[in-house]
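All of the numbers you see were taken from the coordinates with simple rules; none came from a lab. Model, not experiment: these values are computed from the prediction. All Cβ positions, glycine included, derive from the backbone under ideal geometry; neighbour counts span all protein chains shown.
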Amino acid sequence: MEYRDYYKVLDVARSATGDEIKRAYRKLARKYHPDVSKEKNAEASFKEVQEAYEVLKDPEKRASYDQLGSQYGRGQQFQPPPGWQQGGFRHGQAGPDAGFSDFFSSLFGDNGGGFARAGQRPGRARTRGDDVRARLDLSLEEAYGGVSREVRLRGADGTERTLRVTVPAGVVSGQVIRLAGQGGPGPAGPGSLLLEVVIAPHRYFRLDGRDVSLDLPLAPWEAALGATVATPTLAGSVDLKVPPGARAGQKMRLRSRGLPGDPAGDQYVIFRVVLPPADSDEARAFYADMATRFPFDPRADLS
């Protein structure tokens, strides 16, 4: 049978997030829907898009599919890995993969996830191995852009193995990445590896879900007169226009400058007015002159 590259079908990267996959599917489903499309072979393309989305939208099916790696090219002849065979639904039967390709049916059994073990019969009670939990520490920059990481695991027998994990862009602290078939062994195949994402504190960004906050230091004259100030964001520096009369603690929002997602998070910039030090005779004289020139009482509201 021919190998199907589901990522190419949906025209997304292998590191695409669930939201990116969903948007790509909706776009292509509208393009090829047989009721409205005028594209050549629209019905066949629509079925191919549906099949790709059925796999990539489901974390367990996607993880099982990704175990095949990227060594196959679209249209190349494919054989399931040794020790595995087609199981579960067939063409024409009711079920989530009814009408899908032989390639799909050769990979996914009637439990809808992972490969089907050779010799299993549909409907037989089966017991998978235990799920294994582990912590995945990421920097905020890695969570923002996505990253490929090696994870080292130690088995109950003391043996170690290393897995390469593709972390999608926009993961948040507490999110669990499930890798089907990488957990403990069992009669019906191994369980899953559950990686809980922990994002390390950043030296100047603070994270709240997908939103980030940043304290932005301003000189007194920048706050009083207004200024354009280079401001860090996760995507790089932007020029922020500080309005005249800006106050300490005042907040501005930069839309969609937080972690990617649907919707993306925002970045909040909080102004912090920083006074120049009075560490010279000239500086002290300047402050003394200000005290006589400005009729300003910062504690007026307390009287």
Output for the stretch 9-57, where each listed residue is closer than 19 Å to Ala169 by Cα, of a type in the set (D, E, K, R) and outside any loop (DSSP other than H, G, I, E, B): Asp19, Glu20, Lys22, Arg23
Matching residues, the stretch 225-268, being outside any strand (DSSP E or B) and among the basic types (Lys, Arg): Arg247, Arg255, Arg257
Looking only at the stretch 174-232, and only at residues there that are hydrophobic (A, V, I, L, M, F, W, C) and without any contact (Cβ under 8 Å) to a residue 24 or more places away in the chain, the one that is nearest to Gly145 (Cα to Cα): Val176
